[in-house]
Amino acid sequence: MTSQQDVLDTLAQVARAMGNGHRLALLERLAQMDAPVESLASKTNLTLGNASQHLQQLRRAGLVTASRSGKQMIYRLTDERIVPLMSLLRQVAETNLAEMERLVSQLFADDDAGGAMKAVSRQELLAGLERGEVVLLDVRPEEEYAAGHLPEALNIPLASLETMLDQLPRDREIVAYCRGPYCALSHEAVMWLRERGFQVRRFAEGFPEWKAAGLPLG
C-alpha cells in the first residue's frame, strides 16, 4: 500500500535532480530554447559525457524530455513551471543564505552606488512598454532570439553592439535583457552603452521568466 513517505520519496527525486549546479545550468539553457546535447555541453563547459549523464538524471526526474532529430537527440523542458520553480529556489536562497547574498552582490559589484544601474522590475517594464517609453534590447545570440523573445525587442548580440549602435535610440530609455537574473550579457551591455551616453538599464529577470509568466512574446 502506498504511504505518504513513498510520495515524498518520489518528490525528492526532483529535488535531487536539481541539487547540482551543472544540472541547473543545463535547465537554464533549455529555458532559452530546445537544444542537442552537443550544444548544451559546449555552452555549459561540460564534456559531452558529463552533459549526457546530467541530462539523463534530469530526464529520469521528469524535468527534461528528448526526441530524435536525424542523428541528434534534442532536449527540452517538460514543463514551463520549471522556470518559476527555479526562480523560487533563487529567491529563497537570496533571502536566507548569507553566502548567496554575498555572491550575488559580487556578481554585479560594479553597479554604481547612485542607483542608476538598478535593474528594471517586471511591473516597471510592463508600464514603460504600455506608455511607449521603452525600447527593448535582446543581447542574446541570434539563435536564442529566433526561438523566442520579448515583443518588438531589437536583437543585437553583445559582440555586435559596437557595429550596430545606429539602431539604438538616444531619446528613449533602453532596457537590455538576456537569459535571466544572473546572466552577465545584459549587465555588460548596459555598462558599455552607458559609457557612450545611452539611457539604458537592465531587466531584473530574463526571457524565460517573462515567457513563464504568460506575457506576450515576439
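FYI, it's all coordinate maths here, none of it is from the lab. Every value quoted in this text rests on a predicted model; they were computed, and no experiment measured them. Heads up, the Cβs are rebuilt from the backbone with ideal geometry, glycines too, and the neighbour counts pull from every protein chain shown.
Need the C-alpha centroid separation for the range 132-168 versus the range 40-99, integer Å.
25
Let's test this: bin the Cα-Cα distances of the chain at 5 Å from zero up to the farthest pair and state each bin's percent.
Once binned at 5 Å, the Cα pair distances of the chain give 1, 6, 13, 17, 18, 16, 12, 8, 5, 2, 1, 0, 0, 0.
Among all the lysines, which ones have a C-alpha under 25 Å from residue 211's C-alpha, if same-chain residues fewer than 8 places away are not counted?
Answer for residue 211, where 25 Å is the Cα cut-off: 43, 118, listed by chain and number.
With a point put 7 Å past each Cα toward its Cβ, work out how far residue 65 is from residue 127 in nm, to one decimal.
Calculated label separation equals 4.0 nm.
Roughly how large, in nm² to one decimal, is the mean projection of the convex hull of the alpha-carbon atoms in the range 104-212?
6.8
Kirkwood hydrodynamic radius of the range 155-218 from all distinct Cα pairs, in Å?
12.4
Could you check how many percent of all C-alpha pairs in the range 134-191 are farther apart than 13 Å?
Percent of Cα pairs beyond 13 Å in the range 134-191: 57.
With everything on Cα atoms, drop me the angle between helix 98-107 and the longest principal axis of the chain, reported from 0 to 90° to the nearest 10.
Tilt relative to the chain: about 40 degrees.
Any idea how far apart residue 194 and residue 52 come out in nm if each label point goes 7 Å out from Cα toward Cβ?
The answer from the label model is 4.5 nm.
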